[in-house]
Ligand code: A3P
């Protein structure tokens, strides 16, 4: 399972990508009505897929409870071999982890709406580390320390978090794009859902909001087999090694970083992010 595909200078799990599927993704004919969720892994992708499902179903939980998330909002880079694009929906939901430099030029040719979700990279690296233990299509992370080094160097699968975030932040003037953080979803799911409904032009009444809040809670998603990846066979995701819906909290990095790791991380973060300030959204201390 553990095969690496290299694409645009980035390592990607070969189990989830092929040369053909990536070629297909980067020539994909987006429609103006498409809604594309873009994230660096472990930043709240599945959460956003669930939120948009509930928003478009007007609060009806049936689709979220009967259709796996990867069919409700398929990965662009997998459509080629999985199919599963819900062509009957007025708005197709599509998900991608691809960097802006390969995907944004293509999106710019349409009026598709893009939702970019970012998360405190200190929490991303912790979540990604545990995900590497669970996902058999990703390399063995060896140790948290080793993994952290690779994350900071940008040599992990999916490439550099810094490049991903900065690349997509650079699209503000070029795309119809909505930026949101995992931390905002945590702090104010209702308010964020309302802003999303305005951005998408999808009305959101009080009852829908109520249902959305309930079905998109961590507890509800942890127990929803259509969102928690327990349908995936053990050879691909070994759930004896941990859960996909692991903790769902803000600031878990504080229980994982040593003072030395923290100092190293801060140094790289300050250097890489000197032109962008996202610290209003998350705490680095
Ligand atoms: P943790 O490993 O920190 O728990 P992605 O979907 O991009 O792979 O991100 C997965 C992360 O989002 C995991 O983080 C997961 O627990 C968290 N997550 C998923 N649904 C959530 C929810 N409803 N509330 C809070 N966190 C959620």
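Throughout, read-outs are computed from the coordinates displayed, never taken from laboratory work. It should be emphasised that the depicted structure is a prediction, and the values quoted were computed from it without experimental measurement. Here the Cβ positions follow ideal geometry from the backbone for every residue, glycine too, while neighbour counts run over all protein chains shown.
Below, the figures for the structure above:
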| read-out | value |
| --- | --- |
| Over region 82-127 - Rg/Rh using Cα atoms and the Kirkwood inverse-distance radius | 1.05 |
| Per-pair calculated FRET efficiency, R0 = 45 Å: residue 256 and residue 109 via Cβ, rounded to 0.05 | 0.60 |
| Highest average packing first - 253-263, 112-122, 4-14, Cβ atoms within 10 Å | 112-122, 4-14, 253-263 |
| Shape box of region 139-224 [Cα atoms, principal axes, largest first, Å] | 47, 38, 19 |
| Principal axis dimensions, largest first and in whole angstrom, of region 172-285 by Cα | 47, 43, 25 |
| Fraction of antiparallel bridges per DSSP, region 1-130 only, in percent to nearest 5 | 30 |
| From the C-alpha gyration tensor of region 76-213, square roots of 5λ in Å | 28, 20, 17 |
| Euclidean distance between Cα centres, region 218-285 to region 67-119, Å | 22 |
| Stokes-Einstein D (µm²/s) once Rh is taken as the Kirkwood radius of region 1-80 over alpha-carbon pairs, at 4 °C in 1.567 mPa s | 91 |
| Net lengthening on full extension, residue 71/residue 15 (0.36 nm per residue, minus Cα-Cα) | 18.4 nm |
| Mean Cα-pair separation over length for the chain, i.e. relative contact order, pairs under 8 Å, 6 or more apart, % | 25 |
| Gained length - residue 145 relative to residue 230, 0.36 nm times residue gap less alpha-carbon distance | 27.8 nm |
| D (Stokes-Einstein, µm²/s), Kirkwood Cα radius, the chain, 0.890 mPa s at 25 °C | 127 |
| Additional length obtainable on full extension of the chain from residue 81 to residue 188, 0.36 nm per residue less Cα span | 34.8 nm |
| From the C-alpha gyration tensor of region 43-137, square roots of 5λ in Å | 22, 19, 14 |
| Residue 169-residue 238 pseudo-label distance in nm [points 7 Å out on the Cα-to-Cβ vector] | 3.7 |
